[in-house]
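First up is the structure itself, then whatever we jot down about it.
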Ligand SMILES: C[S@@+](CC[C@H](N)C(=O)[O-])C[C@H]1O[C@@H](n2cnc3c(N)ncnc32)[C@H](O)[C@@H]1O
């Protein structure tokens, strides 16, 4: 009996994800099942329906419900200089490589509300590398991208961000990068002068350029293994020879089909360099 219930639940989930894909083109079929199911159930409760099948009916007819679901499914937890040790390793290991290039094309995939992009821009500026860089910052979620372009963050997080910045090896005064008003801080517009924000879905969209550096941190953890592998191949194809790939602290390229095309630059901080 329990097996039958499990089977029915699995079919219900599969049909819902298929319906979303066919109706809206968003592909969540290869996301890790348990967290996905939890978020879908939460959305079902919020929409006051009893099951995923009922949620499917609502979603098919109501694009606004789909927008709410997208927001539930794309977890935007992020921070300025998140994992300061990563940014310290970046300064140590990646900056010297970037210095040998005349131009650096960077892809920041799954950039959420942009804190990672502003962090990178500050770091590159302090290292004198910003002017030669062009950053493509992408995410599945267009609302997150709008917030990223606006560059406004709650003032209450600035102490944490300042601490992260200092721990990451920041060389200036963090407060010079934003202005505060009331309970918000707005990052200086010149930090995104060389940034292009655009929607891109790692599950369905293709490579769109060749990059010297790709950052995709804390995104692959939401995918199942086959999708993680496909995205690893996408990154491998999108990198120039000797290009650099940076992942999140719980992510690795080591077990992917392209593992032997990369060598670690900073193993603990999940920074890899592609072979020729
Ligand atoms: C936890 S945030 C990571 C933000 C930032 N990279 C960091 O490490 O702080 C994960 C982001 O991945 C995005 N995302 C999830 N699935 C995606 C997909 N298929 N394609 C592109 N972005 C995706 C979400 O919208 C969310 O903004």
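The values are calculated or read from the model by the stated rules, or taken from the named source; none is laboratory data. Only a predicted model underlies this, so the values are computations on that prediction, with no experimental measurement involved. FYI the Cβ positions are ideal-geometry reconstructions off the backbone, even for glycines, and counts take in every protein chain you see.
Could you check, for the stretch 62-76, whether at least one of its residues is away from the ligand (no atom under 16 Å from the Cβ), within 28 Å of residue 198 (Cα to Cα) and surrounded by 15 or more Cβ atoms within 10 Å (Cβ to Cβ)?
Yes, that holds for at least one residue.
Just checking: which of the strands (runs of 3 or more DSSP E) contained wholly in the stretch 146-256 hold 1 or more residues that are in contact with a helix residue (DSSP H, G or I) (Cβ under 8 Å, 6 or more places away or on another chain) and in contact (Cβ under 8 Å) with a residue 40 or more places away in the chain? Walk me through how you get there before you give the answer.
Details: elements: 152-154, 178-181, 184-187, 195-199, 211-216, 239-247.
Here the list reads 152-154, 184-187, 195-199, 211-216, 239-247.
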Being within 16 Å of the ligand (Cβ to nearest atom), within 18 Å of residue 214 (Cα to Cα) and without any contact (Cβ under 8 Å) to a residue 60 or more places away in the chain, is that true of even one residue in the stretch 93-109?
-> no
Given (1) under 25 Å from the mean Cα position of the chain (by Cα); (2) within 30 Å of residue 269 (Cα to Cα), where does residue 40 come up short, assuming only one miss?
-> (2)
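Given the criterion within 16 Å of the ligand (Cβ to nearest atom), touching a strand residue (DSSP E or B) at 6+ places or on another chain (Cβ under 8 Å) and under 14 Å from residue 200 (Cβ atoms), identify the matching residue among 145, 120.
Working: 120 fails: under 14 Å from residue 200 (Cβ atoms).
It is 145.
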Being within 13 Å of the ligand (Cβ to nearest atom), under 21 Å from the mean Cα position of the chain (by Cα), part of a helix (DSSP H, G or I) and closer than 30 Å to residue 168 by Cβ narrows it down to one of 86, 81, so name that one.
-> 86
Scan (1) more than 12 Å from the ligand (Cβ to nearest atom); (2) at positive phi; (3) touching a residue at least 40 places away in the same chain (Cβ under 8 Å) for the single condition residue 24 breaks and write down its number.
-> (2)
How many residues, within the stretch 28-77, are modelled with pLDDT of 90 or more and not in a helix (DSSP H, G or I)?
-> 11
